[in-house]
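Since the structure comes first, as structure tokens, the remarks are kept for the end.
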Amino acid sequence: MAEALHVVCPHCDAINRVPAGKLGAGGKCGKCGQPLITGRPINLTRNNFTRHVGRSDLPLVVDFWAPWCGPCKMMAPIFEQAAARLQPRVRLGKVNTEQQQALAAQFGIRSIPTLVLFKEGREAARQAGAMDLQSLVGWVEKNL
């Protein structure tokens with residue numbers, strides 16, 4: 001039997017087991033029936049953050065941002081493009097630091113945008129400041 005990966009649904013946060021060899025084909029959530037791989041960043045809150053970081057076998061890149069931040073607004077479409085390019089190998093998520101101040105404080109976010117890469121439930125890399133698409137994808141791939 002092929003190794004199964006745990007993938008958290010971006011819609012209902014249910015944990016799904018997906019054969020590693022079939023991850024690229026996407027698949028649907030066993031609970032809500034929605035696609036597991038969307039090619040888009042997921043919205044992370046204090047309610048679902050721990051599940052996506054700690055229960056998924058996919059590395060997760062989190063963009064800590066705020067709606068009033070100019071560089072964050074500039075980087076938003078780039079982050080969307082990176083999600084389309086990097087999934088299904090890597091999941092991308094966004095934390096609005098204005099709405100999720102406790103998460104920002106928990107991770108010591110002092111400037112935004114700040115990107116944090118989580119692997120196996122732990123922080124593996126961090127980068128502050130906006131990046132272009134090539135730099136962002138390169139940073140993620142270098143730190144996987």
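The values are calculated or read from the model by the stated rules, or taken from the named source; none is laboratory data. Because the structure is predicted, anything quoted here is derived from the model rather than measured. Just the protein is used for accessible areas: all its heavy atoms, side chains included, with ligands, DNA and RNA removed. Shrake-Rupley method; radii C 1.70, N 1.55, O 1.52, S 1.80 Å.
Mind running the shape call on the stretch 53-144? Use the C-alpha gyration tensor, a ≥ b ≥ c as the square roots of the eigenvalues: rounded below 1.5 for a/c, prolate if a/b tops b/c, oblate otherwise. Spell out each step's value before the answer.
Details: a/c = 1.72, a/b = 1.13, b/c = 1.52.
It comes out oblate by the Cα gyration axes.
Hey, can you find the accessible area per residue of the chain for me, probe 1.4 Å, expressed in square angstrom? Can you show the working numbers first?
Working: 7570 Å² over 144 residues.
That works out to 53 Å² per residue.
Given a 1.4 angstrom probe, I'd like the percentage of the accessible area of the stretch 1-127 that is carbon and sulfur, rounded to a whole number. Please list the in-between numbers first.
On the way: 3180 of 6670 Å².
Looking at the stretch 1-127 in its full context, I get 48 percent from C and S.
Largest first and in whole Å, give the semi-axes of the stretch 1-46's equivalent ellipsoid, each being the square root of 5 times a Cα gyration tensor eigenvalue.
Values: eigenvalues 70, 24, 20 Å².
Taking √(5λ) for each Cα gyration eigenvalue gives 19, 11, 10 Å.
Please report the accessible area of Thr50 (heavy atoms, 1.4 Å probe, ligands and nucleic acids excluded) in Å², nearest 10.
Thr50 exposes around 100 Å² with every protein chain in place.
How far, in degrees from 0 to 90, does helix 70-86 lean away from the longest principal axis of the Cα atoms of the chain, to the nearest 10?
Approximately 20 degrees, to the nearest 10.
Kindly work out what percent of the DSSP beta bridges joining two residues of the chain are antiparallel, to the nearest 5.
Values: 17 of 25 bridges.
Roughly 70 percent of the DSSP beta bridges within the chain come out antiparallel.
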